[in-house]
There are 2 protein chains.
Amino acid sequence: MSVLIVGSVALDTIEANDKKIKDSLGGSAMYASMAASYFTKPSVVAVVGNDFPGKYIHLLNKHNIDTSAIAISSGKTFRWHGKYSCDLNQAKTLDTKLNVFADFNPILSVEQRKIKYLFLANVDPNIQKTILNIMINPKFVALDTMNFWINTKIKELKEILKKVDLLLINEDEAVQLSKQNNIIKAAKVIQKLGPKYIVIKRGKSGATLFYKNSIFSTISFPLENVVDTTGAGDTFAGGFIGYLAGINKTDFNSLKKAVIYGTIMSSFNVESFSLKRLSSLKKKDINKRLKEFKQVIKF
Amino acid sequence: MSVLIVGSVALDTIEANDKKIKDSLGGSAMYASMAASYFTKPSVVAVVGNDFPGKYIHLLNKHNIDTSAIAISSGKTFRWHGKYSCDLNQAKTLDTKLNVFADFNPILSVEQRKIKYLFLANVDPNIQKTILNIMINPKFVALDTMNFWINTKIKELKEILKKVDLLLINEDEAVQLSKQNNIIKAAKVIQKLGPKYIVIKRGKSGATLFYKNSIFSTISFPLENVVDTTGAGDTFAGGFIGYLAGINKTDFNSLKKAVIYGTIMSSFNVESFSLKRLSSLKKKDINKRLKEFKQVIKF
């Protein structure tokens with residue numbers, strides 16, 4: 001099964017580890033679709049400006065990613081400029097320019113609207129809602145969001161939460177959304193808002209999946225050299241939903257394995273700036289790291 | 001095999017979760033020996049004042065803990081007063097009164113000096129050194145320390161690190177000691193200081209064991225209700241060393257299991273103030289939680 005991924009495409013300027021890169025490929029849809037491409041065929045719904053380098057479209061197509069729903073608007077591509085402190089835990093946003101992203105009107109083919117697995121990556125809940133409404137009988141809908149939308153569009157966010165199967169959310173944002181300081185309590189509150197499944201992403205501490213009264217929790221892959229954590233959550237989500245779409249299963253046990261694949265994919269992503277490492281993987285790299293991961297947690 | 005545990009005995013005043021307890025049993029030797037008592041027979045080396053309630057000695061003895069090396073000095077027992085913010089991650093020390101702890105001169109019997117497993121809990125490196133010097137051919141020596149000693153007695157600490165098999169240390173203290181921001185890099189630096197094994201305690205994120213180039217890492221047990229995290233690290237250490245002494249094995253695989261038992265024991269400890277929960281366990285509670293833990297991480 002293929003997966004439809006709705007999200008942002010950005011040209012990022014990032015400062016981390018005393019290095020700086022400028023206008024490099026980023027955005028939630030890019031990280032997520034690249035990670036998903038190792039498991040299934042992703043279709044990306046997004047918008048770019050007419051300054052968006054063709055080489056990036058070529059890179060996506062090389063990974064068998066359908067880019068036909070990436071609209072090209074007249075204007076500039078969305079830009080983000082972030083800077084990390086030395087622990088690489090969270091970036092400080094120095095500048096955001098929405099540019100063409102401000103008037104994003106997605107257009108999908110009927111074939112794309114029939115895709116069974118949908119990932120609504122971190123964008124305006126109104127865009128997420130628009131896409132969800134035009135989909136034709138999706139089987140599994142996952143949604144990501146962030147503090148900005150919790151602060152500014154909580155009503156719209158809560159409306160769409162009623163209609164999704166799974167919410168992926170950072171620990172501090174889960175706390176913010178639920179007004180609970182403990183992630184188990186937070187998940188219980190969020191379950192009542194709609195999603196049957198919740199994945200709380202805990203950065204370098206790992207990830208935890210909630211389903212009814214069951215919990216599955218894992219560490220992140222231990223890494224000695226972390227270069228840039230931008231897109232780690234989006235990559236996790238892409239690996240997660242891509243794996244599920246690839247095996248076409250949505251039971252709890254499959255979701256546990258999806259958490260592990262999300263963990264593995266995001267571990268590659270943080271080893272370089274932009275999508276450099278993530279886009280250069282072979283299937284055997286993923287299998288090797290999975291084996292190493294199992295070795296690290298085995299007792 | 002039994003284990004000798006050297007550390008502090010304190011009467012703690014703790015504020016957490018809008019509750020406050022006063023002069024309740026605490027100190028690294030108490031948490032560690034109570035946790036170890038479920039796996040082996042601990043002997044405690046410590047000092048208390050003549051105000052130390054007899055009921056606490058009774059509690060230790062009920063758990064088959066040898067208290068004959070707990071000296072009773074004229075004066076008051078060591079006091080600590082701490083307050084936690086709502087995330088319970090780290091206490092702010094409001095007051096410390098060393099009292100009799102300032103002149104701690106441990107006296108051990110020959111039998112105690114022959115004990116094969118030694119845990120030098122978090123006390124002045126000079127006390128740790130004194131004990132280590134009088135031990136008769138110990139098989140396995142584990143040491144804990146904290147930021148205070150790294151700041152004030154780094155020379156003494158480095159001297160004793162050369163002579164121990166394992167260092168247990170919090171993540172931020174590992175960073176401080178090694179001057180490395182990454183725990184794998186930190187462990188490599190610390191390994192060069194002496195210890196063959198290093199356990200980095202990462203609070204609610206779990207714990208990671210380092211041995212040569214191998215890493216074993218685990219989550220903490222997910223808990224919905226955390227009451228007070230005081231002594232969690234000492235309890236972890238007590239469960240860890242107690243398990244090893246109980247099975248009398250010190251290979252890497254046994255140490256991995258010891259990390260899990262440390263994790264399980266500390267999960268009980270944070271469910272109450274002081275040693276209330278930790279001292280009321282049955283072996284079947286530990287086995288049940290271990291089973292639940294395995295379920296949570298299984299995929």
Condition set assigned to a helix (DSSP H, G or I) and touching a Gly at 6+ places or on another chain (Cβ under 8 Å), scope region B:159-187, selection nearest to the other protein chains (Cβ to nearest Cβ): answer is B:E171
Checking B:S33, B:S68, B:S43 in turn, the sole residue that is at pLDDT 95 or above and part of a helix (DSSP H, G or I) turns out to be B:S33
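Being part of a helix (DSSP H, G or I) and more than 22 Å from A:I215 (Cβ to Cβ) narrows it down to one residue among A:G239, A:G233, A:G262, A:G246; which is it? First the steps, then the outcome.
Values: A:G239 fails: more than 22 Å from A:I215 (Cβ to Cβ); A:G233 fails: more than 22 Å from A:I215 (Cβ to Cβ); A:G262 fails: more than 22 Å from A:I215 (Cβ to Cβ).
Just a single option satisfies the conditions, and that option is A:G246.
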Selection from region A:188-218 of residues part of a helix (DSSP H, G or I), hydrophobic (A, V, I, L, M, F, W, C) and within 13 Å of chain B (Cβ to nearest Cβ) yields A:V189
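Given B:F52, B:F101, which one is modelled with pLDDT under 95, open to solvent by less than 50 Å² (accessible area, probe 1.4 Å) and of a type in the set (F, W, Y)? Even if it seems obvious, please write down each step before you answer.
Working: B:F52 fails: modelled with pLDDT under 95.
Matching residue, one of B:F52, B:F101: B:F101.
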Residue hits (region B:13-49; open to solvent by less than 10 Å² (accessible area, probe 1.4 Å) and either β-branched (V, I, T) or touching a Cys at 6+ places or on another chain (Cβ under 8 Å) (or both)) are B:I14, B:V44, B:V45, B:V47, B:V48
For region B:147-163, does any single residue satisfy the condition of being under 16 Å from the mean Cα position of the chain (by Cα) and either within 26 Å of B:I247 (Cα to Cα) or in contact (Cβ under 8 Å) with a residue 12 or more places away in the chain (or both)? yes
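Within region B:219-238, restricting attention to residues that are within 13 Å of chain A (Cβ to nearest Cβ), in contact with a Ser or Thr (Cβ under 8 Å, 6 or more places away or on another chain) and β-branched (V, I, T), which residue is most open to solvent (accessible area, probe 1.4 Å)?
Filtering region B:219-238 for residues within 13 Å of chain A (Cβ to nearest Cβ) gives B:219-227, B:229.
Filter again for in contact with a Ser or Thr (Cβ under 8 Å, 6 or more places away or on another chain), leaving B:219-223, B:227.
Okay, now just the ones that are also β-branched (V, I, T), so B:219, B:227.
Details: B:I219: 8, B:V227: 38 Å².
Restricting to residues being within 13 Å of chain A (Cβ to nearest Cβ), in contact with a Ser or Thr (Cβ under 8 Å, 6 or more places away or on another chain) and β-branched (V, I, T), the top hit is B:V227.
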Considering residues that are open to solvent by 30 Å² or more (accessible area, probe 1.4 Å) and either in a helix (DSSP H, G or I) or of a type in the set (F, W, Y) (or both), the number found within region B:104-132 is 6
Checked pairs for region A:277-299, first closer than 22 Å to B:L209 by Cβ and without any contact (Cβ under 8 Å) to a residue 24 or more places away in the chain, second crowded, with 17+ Cβ neighbours inside 10 Å and hydrophobic (A, V, I, L, M, F, W, C), C-beta under 9 Å and 6 or more apart or across chains, list as A:K294/A:I260; A:Q295/B:I215; A:Q295/B:F216; A:K298/B:F216; A:F299/B:F216; A:F299/B:V259; A:F299/B:I260
Within region B:248-268, the count of residues that are in contact (Cβ under 8 Å) with a residue 60 or more places away in the chain and open to solvent by 30 Å² or more (accessible area, probe 1.4 Å) comes to 3
Do we have any residue at all in region B:88-98 that's within 19 Å of the chain's Cα centre (by Cα) and closer than 14 Å to B:S274 by Cβ? yes
Exception for A:L59 within (1) open to solvent by less than 10 Å² (accessible area, probe 1.4 Å); (2) part of a helix (DSSP H, G or I) falls at (1)
Counting only residues in region B:241-299 that are within 14 Å of chain A (Cβ to nearest Cβ) and acidic (D, E), the one nearest to A:L255 (Cα to Cα) is identified as B:E292
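The values are calculated or read from the model by the stated rules, or taken from the named source; none is laboratory data. Computed from a prediction, not measured in an experiment: that's the story for all the values here. As a convention, Cβ positions derive from the backbone with ideal geometry for all residues, glycine included, and neighbour counts pool all protein chains shown. Note: areas computed on protein heavy atoms with side chains; ligands, DNA, RNA excluded. Shrake-Rupley method; radii C 1.70, N 1.55, O 1.52, S 1.80 Å.
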